[in-house]
1. Where the only charges are on Cβ atoms (+1 Lys, Arg; -1 Asp, Glu), what is the dipole of segment C:2-62 about its Cα centre, to the nearest 20 debye?
2. Return one whole number: the accessible area per residue of segment C:185-398 in Å², for a 1.4 Å probe.
3. Rounded to the nearest 0.05, what FRET efficiency is calculated for C:Gln98 and C:Phe582 with R0 set to 35 Å and r the Cβ-Cβ distance?
4. Any idea of the accessible area per residue across segment C:408-483, 1.4 Å probe, to the nearest Å²?
5. For segment B:4-76, give me the percentage of DSSP beta bridges that are antiparallel, rounded to the nearest 5 percent.
6. Using only atoms on other chains, find how many Cβ atoms lie within 10 Å of each Cβ of peptide C:577-587 and report the average.
7. Which value, in debye to the nearest 20, describes the size of the charge dipole of the protein assembly as shown about its Cα centre when Lys and Arg Cβ atoms bear +1, Asp and Glu Cβ atoms bear -1, and nothing else is charged?
8. Packing-wise, with mean Cβ within 10 Å as the measure, how do C:526-538, C:418-430 rank, highest first?
Amino acid sequence: MSKPVVATASLAGCFGCHMSILDIDDRILQLIELVEFNKSPVDDIKKFTKQCDIGIIEGGCCNSENVENLKEFRKHCKILISLGECAIMGGLPAMRNGIPVEECLKEAYLDCPTVDDKIIPNDDELPMILDRVYPLHEIVKIDYYLPGCPPRADLIWEALVALLTGKELNLPYEVVKFD
Amino acid sequence: MSDKITFTIDGKECTGKKGQTIVEAAKENGVYIPVLCHYDGLKPAGACRICTVRVGGRNMAACTTPIANDIVVQNNIPELEDMRKAIVEMLFVEGNHMCPTCEKSGNCELQALGYRYLMMAPRFPYLWPTKQVDASIPKLYIDRNRCILCLRCHRGVTTKDGKHIFGPVKRGDRTMITADPELAAGMTDKQAQQAMDICPVGALLKKEVGFVVPVGKRKYDQKPIGSEIQGN
Amino acid sequence: MGKEADTVVKKAVKNHGGDATCLLDIIRDVQDAMGCVSDEAVLQIARQLGISTTDVEGVVTFYHFFSKKPVGKYSVYLNNSAVAVMKGRAAVAKAFEQGARCKFGSVSSDGVIGLFDTSCIGMNDQEPAAIINGAVFTNLTPEKAKDLVEAMKAGKDVNKMVKDLGDGQNQSALVKSMVNNNIQKKGQVLFAPFEGGSALKKAVSMNPAGVIDEMKKSNLRGRGGAGFPAGMKWSFCRDAAGKKKYVICNADEGEPGTFKDRVILTELPHMLFEGMALAGYAIGSDEGILYLRAEYAYLKDYLENVLAGLRKKKMLGKDAGGKKGFSFDISIKLGAGAYVCGEESALIESAEGKRGAPRNRPPFPAQYGYMGKPTIVNNVETYCTATRIILEGGEWYAKMGTAQSKGTKLLSVSGDCKKPGIYEVEFGMTIQTLLEECDGRPAVAVQVGGPSGNCVGKKDFGRRICFDDLATGGSIIVIGSNTDLLEVVHNFMDFFVEESCGWCVPCRAGNVILRNKLEKIMHGNGTMADLKELEDWCLIVKSMSRCGLGQTSPNPIYTTLKNFRELYEAKVKKDVEYSTEFDLAAAVEDSCKYAGRKPQLGEHS
């Protein structure tokens, strides 16, 4: 039987959650035994080459590219997991949500003292900024949530093993944290 | 007539004194009922409703309901526990709770209840309200993004002659805590610390200090809220 | 400005004896004098009363008719109840906005006209209606709105803008209002002939316990909505320790669609005040308070005059009703716009000059009420009914009605019917019979008991109006086939979001969450899973809320989900398990605008 296929991505996140995936230490060798990675920064596969069983996404959606990416994942993955605070509730990037996007753009590109060319980037190649940062589940259906900033490596490990093997999920108190 | 009162919580025989609330008596009997707006020594508010228990089939806030002989209290039942969890989730979506950025993280009672109830993500959509931070008080600031309107500061932080330093203004979902600028300016360091301690979340924070306790050693890093009462 | 605030506040505080329990009255005086209660005024009031500014600001901002910002020389409060909407509110609002050149929620740039939405003002049988500087304008049309704007711009006195007076006592010199009573059906209890003074004289000829006995025999249940037996309430209060006790009349009918108390206050104030006096005799109280909703402030002078007359006739004051040693008098306290103050403990808080947030109970008002003293709070109709009960006897009364609901009930009927107005009917009348009487036969739904009650459909029109079946505090709204029922439900949810006091979490946050979910479904973005969640969440809010407001606020959704499920199912996507309101085009619109680029949509998907 072929191994389950996993894909991962970081949208409007800091890659901290991915660092935490690596933080499962030597268990990563077991993980490689258990699964095959497809599109993911872990193996640098840029495009989906097949349907996947599990998609793990870090970061929320702050621009149109994030949205596109997320929808791609939903299309290609049977199960989609929101990994970390940004994916679940927008996280730090969502601190702009109370501020109108016009003000954000002005502050970042026009009024900021460290900016030379005072222009709001407008090249068509650039992703379009959303009015606010969206948690993933406000855009596509999400099957599981793993909170934390970053989620503890043990939480990621336990959740993946439970999902892959059908083993009962065992979460000690210390592993579910929002910071 | 004796002041002793006997009653049961989830079948456990409990005793208490006349005048005690269900929350107070339960605590003395080693039974944890989750609370958030309750603070020992303050007049109960019944604001958060997380302590809702069922007494004789009716839902009552355990923090405001006095014990009486032979009452049958249901506390740890799945239906109530889910609704309590829903209250925690409502609080998370009606504010802007960015735990990773909050100084109270690890010592926050709301967050601790989120842990206790294994809230992986709130069932309700985030409301993304626009809230103002008030930094005009010399010794502390009010971050209304985090305020859960438990009214603990309103009830517990007063001047010597009993005037409220903090209080709620507006109504409904627009309700917010504000301070009397003159009275707040007169707060001592001790009072500012007291205000910060009385606040269950990170809405009242002392200025010029922060993040003193390292991650891992904070109040709710290792053990769930309520374990000090249940003894586990 | 600072000096003016200083003078105005000093005068207001002095007028009310520097008494913080008169905070609402003090604030009202300041608001009337200055057009708003500024930060400066808040500070002055607080310092002169020796309280925190948060206490003052807390009250100013709690009540709808107080404002920290100027509300205009003329403030137009246009009712936004569901029935107002049915009767053409949108066009009237538009006419006001065009004339005043400002939007609702703001004041015209010259500061002359302020336009504000307001919750039901008790005129559902003559909507659209508005209150302008205290005067009520009913049956508005865009043309009338235009005329009103012109009159305001010309600086005309509001009372001179009232052209045709309404019926009955609305024409009396101290009312002079265009409001109509619309009494469609008179019954044996409230609208039978009544000889002023007869009931009190009879009551004081009995002993107080005897009065309460008659009340108990009558099985009269409170007419405000909750239906607590009045005799029992009175006897609890009578038995409560303490010499000082209060009789409070709840004249704060705020349930959208209720206006029956307004008609009683206009036509039967003697009967009401006599009921309060005999209640005072029964429980051992010497002081009554009529808590009058701000929307009915236009009746205040008239009611004060009725009270003065009663004092003259020795029905109030020392040896009231001719009973040596029984002294009883009544004062009027005005509310300031808050539905939740219809809840008795919130009303007491408000009467004490505080935010109208309900109290935690126990203790109940019968033990710990106004100023901490034993207090009964009853509805306007309840006191009037008590007056008749004392005259005719509890047994006579209990012969009418059903097993659990004795006597008659005053109904306020409005909406899609030809004969809106007041109906005094015997308990047990079916919805169908009522619909025939008010000529609301094309009805597809009837909202019984207002938004917090039950919305029933045709299959339930055989059900009876009584506590045993369909309970109501009086509000009956007929909904015809031309009205979108979900829009009505949405209007009701807006109402609860606006009127929640904000004290407890489930009501404060829950109602917003419920309304948003309803909107998602109404926009066609819901799924069957959303319907399930909507129902579950209604139960959470109902089960966990602190007072009757939150415990019933999900009812518009909850009862229509039960009785009109097909309306919801027609709106949701049945073949998908997930649907979202996220719209990429809308989400990028602003940023693209400010960056000066054209949104590129959909080419990758």
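1. Working: 6 positive and 10 negative charges, 41 e Å.
Computed charge dipole of segment C:2-62: roughly 200 debye.
2. Values: 7040 Å² over 214 residues.
Value returned for segment C:185-398: 33 Å² of accessible area per residue.
3. Numbers: r = 35 Å, r/R0 = 1.01.
After rounding to 0.05, the efficiency reads 0.50.
4. Numbers: 2290 Å² over 76 residues.
Value returned for segment C:408-483: 30 Å² of accessible area per residue.
5. On the way: 13 of 15 bridges.
The antiparallel fraction comes to roughly 85 percent.
6. On the way: counts 1, 5, 1, 7, 3, 7, 0, 8, 1, 2, 12.
Taking all residues of C:577-587 together, the mean is 4.
7. Working: 127 positive and 128 negative charges, 713 e Å.
Dipole about the Cα centre, nearest 20: 3420 debye.
8. C:418-430, C:526-538
The values are calculated or read from the model by the stated rules, or taken from the named source; none is laboratory data. Predicted, not measured: the structure shown is a model, and the values here were computed from it. Heads up, the Cβs are rebuilt from the backbone with ideal geometry, glycines too, and the neighbour counts pull from every protein chain shown. With ligands, DNA and RNA removed, areas are computed over all heavy atoms of the protein, side chains included. Shrake-Rupley method; radii C 1.70, N 1.55, O 1.52, S 1.80 Å.
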